[in-house]
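Trainee: Take this structure, written in structure tokens, and hold onto it; I'll ask about it next.
The values are calculated or read from the model by the stated rules, or taken from the named source; none is laboratory data. Computed from a predicted structure; not experimentally measured. No Cβ is skipped: glycine too gets one built from the backbone with ideal geometry, and neighbour counts run over all protein chains shown. Quick note on the areas: whole protein, heavy atoms, side chains included, nothing else; ligands and nucleic acids left out. Shrake-Rupley method; radii C 1.70, N 1.55, O 1.52, S 1.80 Å.
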Amino acid sequence: MRSVEEHRRVVAGLIRPRPAVAVPIADSLGLVLAADVTAPVSLPGFDNSAMDGYAVLADDVAGAGADSPVLLPVAEDIPAGRTDIPTLLPGTAHRIMTGAPLPAGATAVVPVEATDGAVDTVTIRAAARAGQHIRRAGEDVTAGTTVLRAGQVVTAAVLGLTAALGLPELTVVPRQRVLVVSTGTELVGAGAPLLPGQIYESNGVMLAAAVRDAGGEVAAAPMTGDDVDAFRAMLRRHLPDADLILTTGGVSAGAYEVVKDALGGGDGVEFVKVAMQPGMPQGAGTLDGVPIITLPGNPVSALVSFEVFVRPALRAAMGLPSTERPRRTAVLTEDLTSPRGKRQFRRGVWDPDADTVTGYGPPASHHLRWLASANCLLELDEDTAEVAAGTRVQVWDLR
Ligand code: AMP
Ligand code: MG
């Protein structure tokens, strides 16, 4: 049997980054920059007022105070967005709003609060320091400066800066496009009535969400019966749009194992047993150069396998940080058993405040209900057969 670590290495080695592309900035949120960003313009782009008030010559109001007001005629009104730049003559003031361009010659802005707010002749009751309440061109960003670095994740604030610089696109590591194929003749899509022996498809819906949650993009999430030709045709149809294929089901030891039957002919996909529970039957390889990871069909096995093998490799291929779920330790509240020789991943409820973790639901791999309300995976290593309550164990934080 292959170890968990070995299979993680195999999967990680298959999933490759896509070439960097320039995308409209609105499409880049959450992706990683593939190139440094140099400012094409300065910020601010021009000297402007930091306050609503009056642009003046500081010398003209040097003597102003509460008991010694200075009166100045208001020669111009400059709202934000005015695009001509008037000249301030000595002995006059210009009414000016926040963000409006400073008139030529002005050396200070007196806030409206220190005046009577008049529009013809303004009464100023405070002196102004030269440069006061003026935002200078380039004091935030000087044109030509590197303002963002390759490897940085695009956040709302990154987009804000990019937009302020007038850049329409960012060069990023694109999302991996993942084809999620569910196999099983018993599967029925939501909304249709079930015949005896049929079940509603759930792996495809769940893994598509897990792919998006990991930062990937779902190319398609089709479902196919256990028919080798239909399965192959489905793969062929979607292959050109996929950077990675995930399948579920059809890889265990029974008959009608469609994935194994279709891909097991030595064509680049290797089917192995991995020493873990759940998730022992696994497969990995390439199909026409596209990596394919075949996950087991039981829903808990499928999602745990995604967490253990696929999610870290998928995030790494997109250059994203936190490729691994945070690992913590907590004190077990109950006795547990684990199969010797296999790494066990139980669903758990972790209480970080109490520093405890409780195994949640039975270990068998069809118990979706417990999976849905667990907040961690509880990891018990290969050498462990029994763990007593009170033991400190490792958990994967899924929150
Ligand atoms: P298999 O590995 O194909 O034998 O599937 C193992 C178990 O998982 C069976 O009980 C299947 O019915 C179930 N299963 C497989 N694929 C899905 C799916 N996409 N949605 C829900 N259950 C599934
Ligand atoms: Mg099946």
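Quick grid of which residues meet (1) closer than 16 Å to Pro222 by Cα; (2) touching a Ser or Thr at 6+ places or on another chain (Cβ under 8 Å):
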position: Met234; (1), (2): yes, yes
position: Tyr256; (1), (2): no, yes
position: Ala262; (1), (2): no, no
position: Val272; (1), (2): no, no
position: Gly285; (1), (2): no, no
position: Thr294; (1), (2): yes, yes
position: Gly319; (1), (2): no, no
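Trainee: Here's a follow-up. What is the number of the single condition among (1) under 24 Å from the mean Cα position of the chain (by Cα); (2) closer than 24 Å to Pro19 by Cβ that Gly204 does not meet?
Mentor: (2)
Trainee: Could you tell me which numbered condition Gln344 fails, if it satisfies all but one of (1) in contact (Cβ under 8 Å) with a residue 60 or more places away in the chain; (2) within 16 Å of ligand 2 (Cβ to nearest atom); (3) among the polar types (S, T, N, Q)?
Mentor: Failing condition for Gln344: (2).
Trainee: Can you tell me which residue among Ser322, Ser301 is more than 21 Å from Trp370 (Cα to Cα) and either within 16 Å of ligand 2 (Cβ to nearest atom) or open to solvent by 10 Å² or more (accessible area, probe 1.4 Å) (or both)? Let's see the steps before the verdict.
Mentor: On the way: Ser301 fails: more than 21 Å from Trp370 (Cα to Cα).
From the options Ser322, Ser301, the qualifying one is Ser322.
Trainee: Sticking with this structure for a sec: So which residues in segment 121-136 are surrounded by fewer than 17 Cβ atoms within 10 Å (Cβ to Cβ) and either on the phi < 0 side of the Ramachandran plot or among the charged types (D, E, K, R) (or both), if there are any at all? Walk me through how you get there before you give the answer.
Mentor: Pass one, segment 121-136, residues surrounded by fewer than 17 Cβ atoms within 10 Å (Cβ to Cβ): 121, 123, 126, 129-131, 136.
Answer for segment 121-136, where residues must be surrounded by fewer than 17 Cβ atoms within 10 Å (Cβ to Cβ) and either on the phi < 0 side of the Ramachandran plot or among the charged types (D, E, K, R) (or both): Thr121, Thr123, Ala126, Arg129, Ala130, Arg136.
Trainee: I would also like to ask the following. Here are Thr333, Thr356, Thr323: which of them is within 27 Å of Ile245 (Cα to Cα) and of a type in the set (S, T, N, Q)?
Mentor: Numbers: Thr333 fails: within 27 Å of Ile245 (Cα to Cα); Thr356 fails: within 27 Å of Ile245 (Cα to Cα).
After applying the criteria, what remains is Thr323.
Trainee: Hey, could you check segment 161-205 for residues that are aliphatic (A, V, I, L, M) and touching a helix residue (DSSP H, G or I) at 6+ places or on another chain (Cβ under 6 Å) and say which is farthest from ligand 2 (Cβ to nearest atom)? Quick ask: steps written out before the conclusion?
Mentor: First, pick out the residues of segment 161-205 that are aliphatic (A, V, I, L, M): 161, 163-165, 167, 170, 172-173, 178-181, 187-188, 190, 192, 194-195, 199, 205.
Going one step further and asking which of them are touching a helix residue (DSSP H, G or I) at 6+ places or on another chain (Cβ under 6 Å), we end up with 170, 178-180.
Numbers: Leu170: 42, Val178: 20, Leu179: 18, Val180: 15 Å.
Once the filter is applied, the top-ranked residue is Leu170.
Trainee: Can you work out which of the residues in segment 255-275 that are part of a loop (DSSP other than H, G, I, E, B) and over 34 Å from the mean Cα position of the chain (by Cα) is farthest from ligand 2 (Cβ to nearest atom)?
Mentor: This residue is Gly266.
Trainee: Filter segment 242-285 down to the residues that are within 9 Å of ligand 1 (Cβ to nearest atom), over 24 Å from Ser338 (Cβ atoms) and of a type in the set (Gly, Ala, Ser) and list them by number.
Mentor: Gly249, Gly250, Gly254
Trainee: Would you confirm whether or not segment 86-99 contains a residue that is in contact with a Leu (Cβ under 8 Å, 6 or more places away or on another chain), closer than 27 Å to Gly166 by Cβ and open to solvent by less than 60 Å² (accessible area, probe 1.4 Å)? Give the steps one after another, and end with the answer.
Mentor: Step one: filter segment 86-99 for residues in contact with a Leu (Cβ under 8 Å, 6 or more places away or on another chain), giving 88, 90-94, 96.
Cutting the leftovers down to closer than 27 Å to Gly166 by Cβ gives us 96.
Applying the additional criterion that residues be open to solvent by less than 60 Å² (accessible area, probe 1.4 Å) yields 96.
Taking every residue of segment 86-99 in turn, at least one turns out to be in contact with a Leu (Cβ under 8 Å, 6 or more places away or on another chain), closer than 27 Å to Gly166 by Cβ and open to solvent by less than 60 Å² (accessible area, probe 1.4 Å).
Trainee: Out of all the residues in segment 270-293, is one or more more than 18 Å from Asp213 (Cβ to Cβ), open to solvent by less than 60 Å² (accessible area, probe 1.4 Å) and modelled with pLDDT under 95?
Mentor: no
Trainee: Sticking with this structure for a sec: Which members of segment 165-193 meet the condition of being more than 29 Å from Ile15 (Cα to Cα), hydrophobic (A, V, I, L, M, F, W, C) and within 15 Å of ligand 1 (Cβ to nearest atom)?
Mentor: Val188, Ala190, Ala192
Trainee: When residues of segment 51-77 are filtered for being surrounded by 15 or more Cβ atoms within 10 Å (Cβ to Cβ) and part of a loop (DSSP other than H, G, I, E, B), how many remain? Write out each step before concluding.
Mentor: Looking only at segment 51-77, we keep the residues that are surrounded by 15 or more Cβ atoms within 10 Å (Cβ to Cβ), and these are 51-58, 60-61, 64, 69-70, 72, 74-76.
Then keep just the ones that are part of a loop (DSSP other than H, G, I, E, B); that gives 51-52, 57, 64, 69.
Residues meeting the conditions: 5.
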